Amino acid sequence: MESALVFNKHGCVLFWHLPADRSQGAIPDSRTLWELLWEQREHLGGVAHTHPWNGGAWFSQTDVTTFAAIEQGLGKRLIWPVVTFSTAQYFEWVGPNELDYGVVEHRRFRLNPADIQRLRDLSR
């Protein structure tokens, strides 16, 4: 089951997003999630989510349209880690087009390995 976590600019977890209607292929958004993103927008770093399989971590077309919509609604750019059972990759808008997201090496912070592992465990 896909799982997600919201984190601040320092990589600290603000919220675990585990809706009852999540599946192996999707994690629905919710009003609760959006309200948290809006309330925390000044301190928000991004949202990590799982793709529950072994192998490469990459985003889907649904992911990038969601990334772009959330960033447009918040008026700021975020970091979007995608976590599989075997790897984690950090994505960010790289431009110039609206849906141009790419792998970015983050020196500002990394998510805590224990949080990444918990995210994986919640997806099994």
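Using a Förster distance of 25 Å, how high is the FRET efficiency between TRP38 and GLU105, based on the Cβ-Cβ distance and rounded to 0.05? Please list the in-between numbers first.
Details: r = 29 Å, r/R0 = 1.15.
Here the calculated transfer efficiency is 0.30.
Which is the longest part of the chain that has none of the GluC sites (Glu not before Pro) sitting in a DSSP loop with at most 16 other Cβ atoms within 10 Å?
On the way: sites that count: GLU42, GLU98, GLU105.
Excluding the exposed sites themselves, the longest stretch runs over 43-97.
Under 5 Å between amide H atoms, partner at least 5 residues away or on a different chain: which partners does TYR101 have, H built in plane at 1.01 Å?
VAL94
Can you tell me the convex hull volume per residue for the range 46-93, based on C-alpha atoms, in Å³ to the nearest whole number? Don't jump to the answer; show the numbers that get you there.
Details: hull volume 2.9 nm³, N = 48.
Expressed per residue, the convex hull around the Cα atoms of the range 46-93 is 60 Å³.
Within the range 66-93, list the residues whose amide N lies under 16 Å from a label point set 7 Å along Cα→Cβ of TRP58.
82-92
Are there any chymotrypsin sites (Phe, Trp or Tyr not before Pro) in the range 7-57 that are in a DSSP loop and have at most 15 other Cβ atoms within 10 Å? List them by number. Walk me through the numbers on the way to the answer.
On the way: sites: PHE7, PHE15, TRP16, TRP34, TRP38, TRP53; in loops: TRP53.
Here the chymotrypsin sites (Phe, Trp or Tyr not before Pro) that fit, given the DSSP loop and packing criteria, are TRP53.
P(r) for the range 73-123, please, calculated from all Cα pair distances in 10 Å bins and given in %.
Bins of 10 Å from zero give 22, 47, 28, 4 percent of pairs.
Read-outs throughout are calculated quantities, based only on the coordinates presented, and are distinct from any laboratory measurement. What you see is a predicted model; the values in this text were computed from it and never measured. So basically every Cβ, Gly included, is an ideal-geometry build from the backbone, and we count neighbours across all protein chains shown.
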